[in-house]
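The block underneath contains the structure these notes are about, expressed in structure tokens.
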Amino acid sequence: MHSSPPGAPRTTAPADIDTRLTAELSSVVAGARRRALRDGDRQLDTAHLLHSLMESDPAVRAAFDDGPQVARVLGYLVQRSIGYGLRWQGSVEDSGAVPLASQPGWSPSTLAAVEYALGLADGRGERVTGRDVLAGLAADRDCRAVQVLRHAGVDTATLAERLAEPGSGTLRGLGEPAWPSSA
């Protein structure tokens, strides 16, 4: 049985997600939606969201080890846009994450990552940031964004440590799988 990621809010209505994003993150989501349409995908998936975050948010890029690692991640994301992701094209991403709500045009995994990010922001009493969304992506070890990160040589456990809240040592359980692995 799949479970919701730790930190995910319990009652996020789909329409509420867009209203709780910062202007910057709304722009990131809009860019990811355009990328999904351009790629011929029916739904915004976690790799689309990661690509848009990497391009537009310096705080997200700063979460990685170094410049070459950022370049490798962006390189894999570009390759995905031009053919690497063809095996995913037209299919619904579902890593086993069980979103608490559904929203047309969002894959279940993407919606779960955003819900996770909203939960982190709620815990701080702030609006969601790109780093929160990156944490939500990293929490799902079987999503497409994590597959891209692994191909680029990113140690997602180390990435999770970089996303840890000050003084907590971990990001609400990111040190452990948020969802059961399908491996």
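The values are calculated or read from the model by the stated rules, or taken from the named source; none is laboratory data. From a predicted model like this one, the values you see are computed outputs, not experimental measurements. Cβ coordinates were reconstructed from backbone atoms using ideal geometry, including for glycine residues, and neighbour counts include every protein chain displayed.
Inside segment 122-157, can you point out the residues that are of a type in the set (A, V, I, L, M, F, W, C), outside any loop (DSSP other than H, G, I, E, B) and either free of Cβ contacts under 8 Å to residues at least 12 places away in the same chain or surrounded by fewer than 21 Cβ atoms within 10 Å (Cβ to Cβ) (or both)?
Of everything in segment 122-157, just one residue is of a type in the set (A, V, I, L, M, F, W, C), outside any loop (DSSP other than H, G, I, E, B) and either free of Cβ contacts under 8 Å to residues at least 12 places away in the same chain or surrounded by fewer than 21 Cβ atoms within 10 Å (Cβ to Cβ) (or both), namely A157.
List the pairs whose first member sits in segment 4-31 and is closer than 13 Å to T110 by Cβ, whose second member is of a type outside the set (A, V, I, L, M, F, W, C) and at pLDDT below 85, and whose Cβ atoms are under 6 Å apart, counting only residues at least 6 apart or on separate chains?
Here the result reads P14/Q103, each pair linking segment 4-31 to a residue that is of a type outside the set (A, V, I, L, M, F, W, C) and at pLDDT below 85.
Find all pairs meeting these conditions: Cβ atoms under 6 angstrom apart; at least six residues apart or on different chains; first residue within segment 37-64 and closer than 18 Å to R141 by Cα; second residue of a type in the set (D, E).
So the pair list comes out as D45/E93.
Going by the structure shown, is V114 closer than 23 Å to A71 by Cβ and at pLDDT 90 or above?
In short, no.
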